[in-house]
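The values are calculated or read from the model by the stated rules, or taken from the named source; none is laboratory data. All values derive from a computational prediction rather than experimental measurement. Every residue, glycine among them, receives a Cβ derived from its backbone with ideal geometry; neighbour counts consider all protein chains shown.
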2 protein chains.
Amino acid sequence: MRTARHPELDEMTLVLVMAALSDPIRVGLVRVLADGEERGWGQLRAPVAKSTLSHHLRVLRDAGITRTRQEGTRCYVTLRREDLDERFPGLLDVVLTAAHADNIGNRVTLAD
Amino acid sequence: MRTARHPELDEMTLVLVMAALSDPIRVGLVRVLADGEERGWGQLRAPVAKSTLSHHLRVLRDAGITRTRQEGTRCYVTLRREDLDERFPGLLDVVLTAAHADNIGNRVTLAD
């Protein structure tokens, strides 16, 4: 992983956040991270290739939705919930509610 | 214009709606339609080619965000606000608030 670049609050844009949340795998990743826990990338299960999963995680990070932390050779990810709620109040809740109701992204899970 | 196909409430998907709202021109169109008035396509001003504007209007319609009505050779468009509010409660308000705060889509205007 290259050094992760995370947008500051004022660099986050509505258009990038909406685009990031317009994919069921990425919505699923947000859902599994919604409990606030930091997760190792290896814990994330999704019905896509590893490289595709990395791409999705990068899109989420670049939009400011998640924060990636590297520790040695391992990567960890958390949802930037407070930042999102401050920058776009209500958006995450609306998306999580709709995704839950429609089972969007429920093929993304956590490893046991 | 081909015969317009409008998704029913249960056909509207979060992913398509989010994707439709991930473009500043389309967000701008939603903003000018947010007063609830039906507008003729000829009234809509945007810094893009006419064919591009038609594309954006089609994306909004296909996602269920707008309703297009044809009268003779003219097309009219309205925001499906009640449908959106029923299907994805809170989403439109969150997007309109964020777009207003960040001046997203403010190059889309109505002709005098």
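Quick notes
- For B:Asp85: the one exception among (1) surrounded by fewer than 21 Cβ atoms within 10 Å (Cβ to Cβ); (2) in contact with a Ser or Thr (Cβ under 9 Å, 6 or more places away or on another chain): (2)
- Count of segment B:74-95 residues, restricted to those that are part of a helix (DSSP H, G or I) and not hydrophobic (A, V, I, L, M, F, W, C), is 7.
- The lone criterion from (1) part of a helix (DSSP H, G or I); (2) within 21 Å of B:Met18 (Cα to Cα) left unmet by A:Pro7 is number (1).
- For segment A:65-82, the criterion of being at pLDDT 95 or above, touching a Pro at 6+ places or on another chain (Cβ under 9 Å) and within 25 Å of B:Ile104 (Cβ to Cβ) is satisfied by no residue at all.
- Cβ separations smaller than 6 Å between residues 6+ apart or across chains give the following pairs from segment B:84-112 residues that are at the interface with chain A (Cβ under 9 Å from one of its Cβ atoms) to residues that are surrounded by 13 or more Cβ atoms within 10 Å (Cβ to Cβ) and part of a loop (DSSP other than H, G, I, E, B): B:Arg87/B:Met12; B:Gly90/A:Gly90; B:Val94/A:Gly90; B:Val95/B:Leu21; B:Ala98/A:Phe88; B:Ala99/B:Gly105.
Quick grid of which residues meet (1) within 17 Å of A:Val95 (Cα to Cα); (2) of a type in the set (Phe, Trp, Tyr); (3) within 12 Å of chain B (Cβ to nearest Cβ):
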residue	(1), (2), (3)
A:Arg5	no, no, no
A:Ala20	yes, no, yes
A:Ile25	yes, no, yes
A:Arg31	yes, no, yes
A:Ala34	yes, no, no
A:Glu38	no, no, no
A:Gln43	no, no, no
A:Pro47	no, no, no
A:Lys50	no, no, no
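- Positions within segment A:32-73 being surrounded by fewer than 16 Cβ atoms within 10 Å (Cβ to Cβ) and assigned to a strand (DSSP E or B), in sequence order: A:Gly40, A:Arg45, A:Arg69, A:Gln70, A:Glu71
- Qualifying residue in segment A:54-72 (condition: away from chain B (no Cβ under 14 Å) and among the hydrophobic types (A, V, I, L, M, F, W, C)): yes
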